[in-house]
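Below is one structure, written out as structure tokens, with a few remarks after it.
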Amino acid sequence: MSEERRSDSFQTVSWIGDAASGHLRMIDQTRLPIESVEIDCLDADAVWGAIKRLSVRGAPAIGVAAAYGAVIGARARGTDDPAAIRLALREASAHLRTSRPTAVNLFWALDRMEAVADSPVESATALLDRLLREAKAIEAEDRAMCRAIGGHGAELLESGDGVLTHCNAGGLATADYGTALAVIFSAHEQGKSIRVFADETRPLLQGARLTTWELRHRGVPVTLICDNMAALVMREKKVQKVVVGADRIAANGDAANKIGTYGVAVLARAHGIPFYVAAPSSTFDLSLSNGSAIPIEERDPREITHGFGRQTAPEGIDVYNPAFDVTPAELITGIVTERGVIQPVNTETVAAMLGAKV
């Protein structure tokens, strides 16, 4: 893996080169906002590490990165034999699936790559080219979905609104424009006067480090608050809407997102504030009837006891560090997708929007 400093413009993930020898380049989000650095992933294990340590994060971006990681991994046993490419891809896919359990886009993207690998081809070169085309299609589809989410969601915001968001669901979490932040970006581009209140998002401060960075980059007014200030700004009527992203949504609309989202939803309900989730259709897991079956990643205790390298808790203290929680559908006013807004949120309305059978 190599590194280089990038310019003021940014592309979260990108492919460099051709199918036979190219590689994945991405922003190292662990270095933001102080340093803007790109990393080059030259093998599937490097992609796995980037996902695991949160150099790339956000369900859609993880899916795109995993798809490109599968292309790189498919070359691990050579590039001359289609059978060897298929075997190597499945090995890489199995490894990448162990990186983070909650974001369903990871598994969705790898399922697509495996399906392409199983299709008949004339040569090894043709197979690699087909795999790269599929990965690029996943990236392009995500870009289009994010823009559509922004368009639908902007209609829910009014000029003068204060909008609270939790964690980061912007361009850094996707291939381009974001999900929750796409709603805000679109409203801003329409000329609506919007002020964002960004929760810092403990323990890794994605809101402080990433969301505020993106909003300032696009010229959107933003105020950073500690997580435990959300209730106060709601009571003070500084917030009129809440918009967050999601990493996996069950068939009934229960939505897993960064830890602390559930608490924000409870506060929004208590203060009569609409609470919206913004996510592409690829984030829905219709195999799960409700959110109780969503796997929740538990991360290293040192993220809490030694945040950013500084010890802030006694040695040997017990720590519970789930990375996500699940917001029940009954607390969600609507789910903004690329196809429209699901409202009210329940099994029937989710199925109707996604064209699935109940």
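The values are calculated or read from the model by the stated rules, or taken from the named source; none is laboratory data. In this text, all values refer to a predicted model and were calculated from it rather than measured experimentally. For neighbour counting, all protein chains shown are included, and Cβ atoms are generated from backbone atoms with ideal geometry for every residue, glycine included.
Condition test on residue 141, is it outside the structural domain of residue 292 (by TED's automatic domain parsing) and out of contact with any strand residue (DSSP E or B) (no Cβ under 6 Å at 6 or more places or on another chain)? Yes: the conditions hold for residue 141. Taken over the stretch 255-306, the criterion of being within 23 Å of residue 176 (Cβ to Cβ) and either outside the structural domain of residue 156 (by TED's automatic domain parsing) or among the hydroxyl-bearing types (Ser, Thr, Tyr) (or both) is satisfied by 261, 276, 281, 282, 283.
Let's see how each residue does on (1) buried (at least 19 other Cβ atoms within 10 Å of the Cβ); (2) in contact with a His (Cβ under 8 Å, 6 or more places away or on another chain); (3) not aliphatic (A, V, I, L, M):
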{"position": "266", "(1), (2), (3)": "no, no, no"}
{"position": "269", "(1), (2), (3)": "no, no, yes"}
{"position": "275", "(1), (2), (3)": "yes, no, yes"}
{"position": "308", "(1), (2), (3)": "no, no, yes"}
{"position": "329", "(1), (2), (3)": "yes, no, no"}
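Taking the stated definitions as given, is residue 200 more than 19 Å from the chain's Cα centre (by Cα) and either crowded, with 24+ Cβ neighbours inside 10 Å or among the acidic types (Asp, Glu) (or both)? The answer is no for residue 200.
If you check 85, 72 for being outside any loop (DSSP other than H, G, I, E, B) and under 22 Å from the mean Cα position of the chain (by Cα), only one passes: 72.
Could you identify the single residue in 323, 293 that is buried (at least 16 other Cβ atoms within 10 Å of the Cβ) and touching a residue at least 12 places away in the same chain (Cβ under 8 Å)?
None of the other options fit; the residue is 323.
Being over 20 Å from the mean Cα position of the chain (by Cα), assigned to a loop (DSSP other than H, G, I, E, B) and acidic (Asp, Glu) is a description that applies to residue 315. Of note, residue 262 does not satisfy the criterion of being more than 20 Å from residue 320 (Cβ to Cβ), among the aromatic types (Phe, Trp, Tyr) and either in a strand (DSSP E or B) or touching a residue at least 40 places away in the same chain (Cβ under 8 Å) (or both).
Taking the criterion of being acidic (Asp, Glu) and in a loop (DSSP other than H, G, I, E, B), the residues of the stretch 95-152 that qualify are 118, 122.
Residue-wise test of (1) free of Cβ contacts under 8 Å to residues at least 24 places away in the same chain; (2) closer than 30 Å to residue 109 by Cβ; (3) in the same structural domain as residue 295 (by TED's automatic domain parsing); (4) in a helix (DSSP H, G or I).
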position	(1), (2), (3), (4)
156	no, yes, yes, no
168	no, yes, yes, no
182	no, yes, yes, yes
187	no, yes, yes, yes
193	no, no, yes, no
214	no, yes, yes, yes
224	no, no, yes, no
230	no, no, yes, yes
253	no, yes, yes, no
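Just one of the numbered conditions (1) touching a residue at least 60 places away in the same chain (Cβ under 8 Å); (2) surrounded by fewer than 20 Cβ atoms within 10 Å (Cβ to Cβ); (3) not basic (Lys, Arg) is not true of residue 119: (1). Taking each residue of the stretch 44-63 that is basic (Lys, Arg) and looking for partners that are part of a helix (DSSP H, G or I) with beta-carbon atoms closer than 9 Å, six or more apart or interchain, yields 57/51; 57/172; 57/173; 57/206; 57/210. In the stretch 158-171, the qualifying residues are those that are in contact with a strand residue (DSSP E or B) (Cβ under 7 Å, 6 or more places away or on another chain) and surrounded by 22 or more Cβ atoms within 10 Å (Cβ to Cβ), and the one that is nearest to residue 27 (Cα to Cα) is 169.
Quick check: anything in the stretch 242-249 part of a loop (DSSP other than H, G, I, E, B), modelled with pLDDT of 95 or more and of a type in the set (A, V, I, L, M, F, W, C)? Yes, the stretch 242-249 has at least one match. Please verify whether the stretch 34-42 includes one or more residues that are over 28 Å from residue 10 (Cβ atoms) and either among the polar types (S, T, N, Q) or crowded, with 24+ Cβ neighbours inside 10 Å (or both). Checking the stretch 34-42: not a single residue is over 28 Å from residue 10 (Cβ atoms) and either among the polar types (S, T, N, Q) or crowded, with 24+ Cβ neighbours inside 10 Å (or both). Per the conditions (1) outside any loop (DSSP other than H, G, I, E, B); (2) closer than 17 Å to residue 254 by Cβ, the sole criterion not satisfied by residue 303 is (2).
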